[in-house]
Amino acid sequence: HGAAELDEIGTEVLPRRTPAPAWLPTAKGEEGDFCLRSSDCAAGLCCARHFWSKICKPVLREGQVCTRHRRKGTHSLEIFQRCQCAEGLACRLQREHGPTDASRLHTCQRH
C-alpha cells in the first residue's frame, strides 16, 4: 500500500478529501458571511477581503465600479476587495462625455 495510485496518464492521484464534519454548515455563505474561498459563498457572490478577514460579497453587475489591477499580485494588497465583474462583463475605463481628464473610474461593461 506504500505506492501511490497512478491514473491513466501516469500522474499521481491526489488523496480523496474527507467529507466535511457534520457540525460544519453545508449551506453556502450569504452576503456578509465569513469565507475562505469563493466556493464557500452562494451563487452571485465571491469571497473577498474586508479588513483582515474575508466575507462573501456580491459579484459586480453592469455599471458598477470595479477594480482594474495594473500589476499581477496587487489584488492581495487591498483591504477592501471587490468581486470580479459578472460573466459577460469586463472591467473597463468608464466612458465619459466630458473633458479628457475626466474620471479614471473603471466600471463593469459588456464585452
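Details
Each row is one residue, and each column tells you yes or no for (1) at pLDDT below 95; (2) in a strand (DSSP E or B); (3) open to solvent by less than 50 Å² (accessible area, probe 1.4 Å); (4) out of contact with any strand residue (DSSP E or B) (no Cβ under 6 Å at 6 or more places or on another chain).
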| residue | (1), (2), (3), (4) |
| --- | --- |
| C83 | no, no, yes, no |
| R92 | yes, yes, no, no |
| R95 | yes, no, no, yes |
| D101 | yes, no, no, yes |
| C108 | no, yes, yes, no |
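- For region 39-49, the criterion of being in contact with a Ser or Thr (Cβ under 7 Å, 6 or more places away or on another chain) and modelled with pLDDT of 95 or more is met by at least one residue.
- Number of positions in region 24-54 that are outside any strand (DSSP E or B) and aromatic (F, W, Y): 2
The values are calculated or read from the model by the stated rules, or taken from the named source; none is laboratory data. This one's a predicted model, so the numbers in the text were calculated from it and none came from an experiment. Cβ sites come from the backbone with ideal geometry, for glycine too, and all protein chains shown count toward neighbours. Note: accessible area is taken over every heavy atom of the protein model, side chains too, but ligands, DNA and RNA are not part of it. Shrake-Rupley method; radii C 1.70, N 1.55, O 1.52, S 1.80 Å.
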